[in-house]
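Step one of this worksheet: look at the structure below.
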Amino acid sequence: QVQVVESGGGLVQPGGSLRLSCAASGGRFSNYAMAWYRQAPGKQRELVARIGRGSTTNYADSVKGRFTISRDNAKNTVYLQMNSLKSEDTAVYYCNAASLVPFTDSWGQGTQVTVSS
């Protein structure tokens, strides 16, 4: 079963940038669709960005044009480049690895992103 570990969170000022990383182990990375979700206090977890096996991407409307998801299959890693950060981007960001065959739905522990002056 694949395991994923996030890193790269922290405190950043509004308008700043961060890059999150998610390292996967224990499975064939190229077989998984990878995604970033986030959960702010008092809110439901929401999809931020997703990248498929063929590197097709999709984004939440709230982050389009500011965030970029990418994957490096050689390094078993997916990234989330976050630019022009806003206070409303403050949340715990989670990495997810998913596949249908075999069924996989693996989550990391999350990394905190705080956007504040």
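Key figures for this structure:
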quantity	calculated
Percent RCO, i.e. relative contact order, over the chain, from Cα pairs under 8 Å lying at least 6 residues apart	36
3J(HN,Hα) from dihedral phi, region 107-117, Karplus parametrisation 6.51/-1.76/1.60, rounded to Hz, x for glycine, proline	10, x, 7, x, 9, 7, 10, 10, 10, 7, 8
Top of Gly15, Gly27, Gly42 by mean-square fluctuation, Gaussian network on the chain, Cα under 10 Å	Gly42
Accessible area (Å², per residue) of region 23-117, counting only protein heavy atoms and a probe of 1.4 Å	53
5 angstrom amide H check on Gly110, placed H, neighbours 5+ away	Glu6, Cys95
Phi-based couplings in Hz for region 62-70 (Karplus 6.51, -1.76, 1.60; Gly and Pro marked x)	5, 10, 4, x, 10, 10, 9, 9, 8
Cβ charges +1 (Lys, Arg) and -1 (Asp, Glu), total dipole of region 37-114, debye	100
At 0.890 mPa s and 25 °C, Stokes diffusion of the chain via Kirkwood alpha-carbon radius, µm² per second	174
Most positive-pole-ward Cα, Val48, Gly27, Gln1, against dipole of the chain from beta carbon charges	Gly27
Using θ = phi - 60° and Karplus 6.51 cos²θ - 1.76 cosθ + 1.60, couplings along region 33-50 (whole Hz; Gly, Pro as x)	7, 10, 8, 10, 10, 9, 9, 8, x, x, 10, 6, 5, 10, 6, 9, 7, 9
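The values are calculated or read from the model by the stated rules, or taken from the named source; none is laboratory data. Please read these numbers as outputs of a predicted model, since none were measured by experiment. All Cβ positions, even for glycine, are placed from backbone atoms using ideal geometry, and neighbour counts span all protein chains on display. We work out accessible area using only protein heavy atoms, side chains counted, and drop any ligands, DNA or RNA first. Shrake-Rupley method; radii C 1.70, N 1.55, O 1.52, S 1.80 Å.
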